[in-house]
Structures are given as structure tokens and as C-alpha cells.
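Engineer: Structure provided below as C-alpha cells; questions to follow.
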Amino acid sequence: MTGDITSVPLRAKDRWTAARMQQGRVLLDTDWNLDLDGPARDARQLAADAIGPAGVAIGSTAFQVSLAGGVLSVGAGTMWVDGLLARNAVDLSYADQAQIPPLPAAGTWVVYLDVFPEEVQAAEDPAELLDPALDGIDTTTRTRVGWRVRVAQAETPTCGGAS
């Protein structure tokens, strides 16, 4: 679900880093969002340049996948993927994830972390985003880094052939 915002994407040819308020002028949602999106874009690029496609701190077990007793578990912690910081607060099993298909019963599978920016509106999280002081009116949408541990059928039976 997307918010009721004016969509002005940051195009590669645009070098905007922020919007500056001027005295006596109207503040538009595009200006406010540019002040958030410009630095966020730069921080994401910096993280991707410094860390690479994915990484965790040395010695970390964040998002470490283990299989015991037929249960696929995912370790708690933080991991950078494509410049986005995924946070997993607690160890969890693959099956505990919302809206995820069950693990396959047979075959060779690749387990991977799918990380993506997502927008959350009041209808999706009313306890957090509906303001009781405004009689249940929503004020903003919020963004966060979403993630899912997913499985895909392997094209080869060895890790060396995985892509």
C-alpha cells in the first residue's frame, strides 16, 4: 500500500541533496520528502559502496540460517543488503514469518534474504499510526526496511554453482 504523497522520484541525473525552506513560503510534501529521501539515497549508496552487496559485522551470527529437526531457524541481529539495514530482533523460525510459503519437502534449495524498502500506512498498523488525539485520523505514512528469508530451487546441487 502506498501513501497519499506527491511522487517526485530522485532521478540519477538530479543531484538534489535537500530542499531549503524559505521564509514566508508554503511547505509542500515534495519538499519535506526530498529532505528525507536525498540523504537516505546517499546513505544507502555509501553503505553499498563500503560494505558491498551484503554483509554483517565480523563474528556476527545475524541472519545465520540453521536447520535442526526439520526447523529452519534465522539468527537475530543486523545485516546490510544492497545498502539497506535489515534488523531481526529475535531468533525465529522460517515458518514464523508472515505471508511466507511452507518449506519444500524435498530437493536442493537456496536460502536467501530478500530485503526491500516498504511503506506502512495507518490501515496496516492502526495502533501506531492513528492519532487518538485527532479522533483516529492518520497523519503520515512511514517507511522501514522489510525483509523475508526465502527459498528457491537450486539450479545445481553444490554451493559453488549457486548464483
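Engineer: Condition (residue is under 19 Å from the mean Cα position of the chain (by Cα) and assigned to a strand (DSSP E or B)) applied to the range 30-53: is it met by at least one residue?
Structural biologist: No, that holds for no residue.
Engineer: Let me ask something else about it. Against the condition of a type outside the set (Ser, Thr, Tyr), in a loop (DSSP other than H, G, I, E, B) and either open to solvent by less than 70 Å² (accessible area, probe 1.4 Å) or closer than 29 Å to ARG142 by Cβ (or both), how does ALA105 come out, does it pass? Break it down stepwise before answering.
Structural biologist: On the way: of a type outside the set (Ser, Thr, Tyr): yes; in a loop (DSSP other than H, G, I, E, B): yes; either open to solvent by less than 70 Å² (accessible area, probe 1.4 Å) or closer than 29 Å to ARG142 by Cβ (or both): no.
Here the answer is no, as ALA105 does not meet what is asked.
Engineer: Limited to the range 122-144, what total is found for residues that are closer than 26 Å to ASP82 by Cα and open to solvent by less than 50 Å² (accessible area, probe 1.4 Å)?
Structural biologist: Summing the residues that are closer than 26 Å to ASP82 by Cα and open to solvent by less than 50 Å² (accessible area, probe 1.4 Å) in the range 122-144 gives 1.
Engineer: If you scan the range 104-119, which residues turn out to be within 20 Å of the chain's Cα centre (by Cα) and free of Cβ contacts under 8 Å to residues at least 40 places away in the same chain?
Structural biologist: Start the filter on the range 104-119 by keeping residues that are within 20 Å of the chain's Cα centre (by Cα), which leaves 111-119.
Correct list: ASP114, VAL115, PHE116, PRO117, GLU118.
Engineer: A follow-up question, please. Can you confirm whether GLY38 is touching a Phe, Trp or Tyr at 6+ places or on another chain (Cβ under 6 Å) and either open to solvent by 70 Å² or more (accessible area, probe 1.4 Å) or under 23 Å from ARG142 (Cβ atoms) (or both)?
Structural biologist: Working: touching a Phe, Trp or Tyr at 6+ places or on another chain (Cβ under 6 Å): yes; either open to solvent by 70 Å² or more (accessible area, probe 1.4 Å) or under 23 Å from ARG142 (Cβ atoms) (or both): yes.
It is true that GLY38 is touching a Phe, Trp or Tyr at 6+ places or on another chain (Cβ under 6 Å) and either open to solvent by 70 Å² or more (accessible area, probe 1.4 Å) or under 23 Å from ARG142 (Cβ atoms) (or both).
Engineer: Please tell me if MET79 is of a type in the set (A, V, I, L, M, F, W, C) and within 21 Å of VAL149 (Cα to Cα). Let's see the steps before the verdict.
Structural biologist: Values: of a type in the set (A, V, I, L, M, F, W, C): yes; within 21 Å of VAL149 (Cα to Cα): yes.
Judged against the criteria, MET79 is a match.
Engineer: Answer with yes or no whether GLY83 is surrounded by 12 or more Cβ atoms within 10 Å (Cβ to Cβ), more than 18 Å from THR143 (Cα to Cα) and small (Gly, Ala, Ser). Give the derivation first.
Structural biologist: On the way: surrounded by 12 or more Cβ atoms within 10 Å (Cβ to Cβ): yes; more than 18 Å from THR143 (Cα to Cα): no; small (Gly, Ala, Ser): yes.
So GLY83 does not fit the description; no.
Engineer: Could you give every pair whose Cβ atoms fall below 8 Å, whose first residue belongs to the range 127-145 and is more than 20 Å from ASP37 (Cβ to Cβ), and whose second residue is of a type in the set (Val, Ile, Thr) and assigned to a loop (DSSP other than H, G, I, E, B), counting only separations of at least 6 or pairs across chains?
Structural biologist: If the second residue must be of a type in the set (Val, Ile, Thr) and assigned to a loop (DSSP other than H, G, I, E, B), the pairs left are ASP131/THR139.
The values are calculated or read from the model by the stated rules, or taken from the named source; none is laboratory data. Since the structure is predicted, the reported quantities are computational estimates derived from the model, not experimental observations. Note that each Cβ is placed from the backbone with ideal geometry, even for glycine, and that neighbours are counted across all protein chains shown. The area values use the complete protein model at the heavy-atom level, side chains included, leaving out ligands, DNA and RNA. Shrake-Rupley method; radii C 1.70, N 1.55, O 1.52, S 1.80 Å.
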